[in-house]
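The values are calculated or read from the model by the stated rules, or taken from the named source; none is laboratory data. In this text, all values refer to a predicted model and were calculated from it rather than measured experimentally. Positions of Cβ are backbone-derived with ideal geometry, glycine not excepted, and every protein chain shown enters the neighbour counts.
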Amino acid sequence: MAEVGAAVDRQFGDVRVPVLIAMAGLPGAGKSTIAEIIGARLGAAIVSVDPIESAILSAGIDSDQPTGLAAYLVAETIAEQALLSGHSVIVDAVNAVEPARLQWRDLAARADVKLRVIEVVCSDQDLHKARLEKRIRKLPHVDETSWHAVEQSIEDYDEWRGASAALPRITVDTTTTIGENVETALAFLDG
């Protein structure tokens, strides 16, 4: 049995070495779509922050509380347990700021797995708006993201500098096909 905080001892040989994949990017850029496809291809668990925040709000926690931060911390705990059990994990979150990004670096170090960051952008503003208008996530207590909210998020989205600049990261643009982006991301993950 593995100790808490220690990587799993694989008695029957490694078929797959677990990896922690952190998605990053503005709401509606296409992170979840790419994460779902990569997760299916790799057999990785997906831990998504938005449904966790929705559940926290559904439990009666006031929305004026730091529910977003709480959701990131819950996601980290779930991801850590999956990693320590020998499973790869994809964290589906905006990861807009340095502390969020470094949270995954620190988790990867604790779990003794490699970290890879896949940043997703949509360089076509009209396409990005259209995706948001069509998106229906059905998350209780979490409003669908408006284009106005995305514009505000742009101001809060930190540049990749300091310690987060050193994280192994690829940026894919969802103006190209999903297939191309998935293949590019998988090639990066294999490297």
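Being touching a helix residue (DSSP H, G or I) at 6+ places or on another chain (Cβ under 7 Å) and crowded, with 18+ Cβ neighbours inside 10 Å is the filter; apply it to the range 33-43 and report the residue that is nearest to Leu132 (Cα to Cα). Give the derivation first.
Let us first name the residues in the range 33-43 that are touching a helix residue (DSSP H, G or I) at 6+ places or on another chain (Cβ under 7 Å), namely 33-34, 37-38, 41.
With crowded, with 18+ Cβ neighbours inside 10 Å added as a condition, the list becomes 34, 38.
Details: Ile34: 16, Ile38: 22 Å.
Among those residues, the one meeting the criterion is Ile34.
From Leu83, Leu107, Leu57, grab the single residue that is among the hydrophobic types (A, V, I, L, M, F, W, C), surrounded by 15 or more Cβ atoms within 10 Å (Cβ to Cβ) and more than 16 Å from the chain's Cα centre (by Cα). Working first, answer last.
On the way: Leu83 fails: more than 16 Å from the chain's Cα centre (by Cα); Leu107 fails: more than 16 Å from the chain's Cα centre (by Cα).
The match here is Leu57.
So which residues in the range 162-191 are farther than 29 Å from Ala40 by Cβ and free of Cβ contacts under 8 Å to residues at least 60 places away in the same chain, if there are any at all?
Ala165, Ala166
Among the numbered criteria (1) among the aliphatic types (A, V, I, L, M); (2) under 29 Å from Pro18 (Cα atoms); (3) in contact with a helix residue (DSSP H, G or I) (Cβ under 7 Å, 6 or more places away or on another chain), which single criterion is violated by Leu132?
Evaluating Leu132 over (1) among the aliphatic types (A, V, I, L, M); (2) under 29 Å from Pro18 (Cα atoms); (3) in contact with a helix residue (DSSP H, G or I) (Cβ under 7 Å, 6 or more places away or on another chain) leaves (2) as the failure.
Can you find even one residue in the range 60-76 that is more than 21 Å from Tyr157 (Cα to Cα), at pLDDT 95 or above, more than 14 Å from the chain's Cα centre (by Cα) and acidic (Asp, Glu)?
The answer is no; no qualifying residue exists.
Looking at Ser153 and the list (1) over 30 Å from Ser63 (Cα atoms); (2) small (Gly, Ala, Ser); (3) modelled with pLDDT under 95, which single condition is not satisfied?
(1)
For every residue, the table says whether it meets (1) over 25 Å from Ala149 (Cβ atoms); (2) at pLDDT below 95.
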position: Glu3; (1), (2): yes, yes
position: Ala7; (1), (2): yes, yes
position: Gln11; (1), (2): yes, yes
position: Asp14; (1), (2): yes, yes
position: Val17; (1), (2): yes, yes
position: Ala24; (1), (2): no, no
position: Gly28; (1), (2): no, yes
position: Ile34; (1), (2): no, no
position: Ala44; (1), (2): yes, no
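A quick yes/no check of all residues on (1) assigned to a loop (DSSP other than H, G, I, E, B); (2) over 19 Å from Ala111 (Cα atoms); (3) touching a residue at least 40 places away in the same chain (Cβ under 8 Å):
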| residue | (1), (2), (3) |
| --- | --- |
| Ile38 | no, yes, yes |
| Val47 | no, no, yes |
| Leu57 | no, yes, yes |
| Ile61 | yes, yes, no |
| Ala75 | no, no, no |
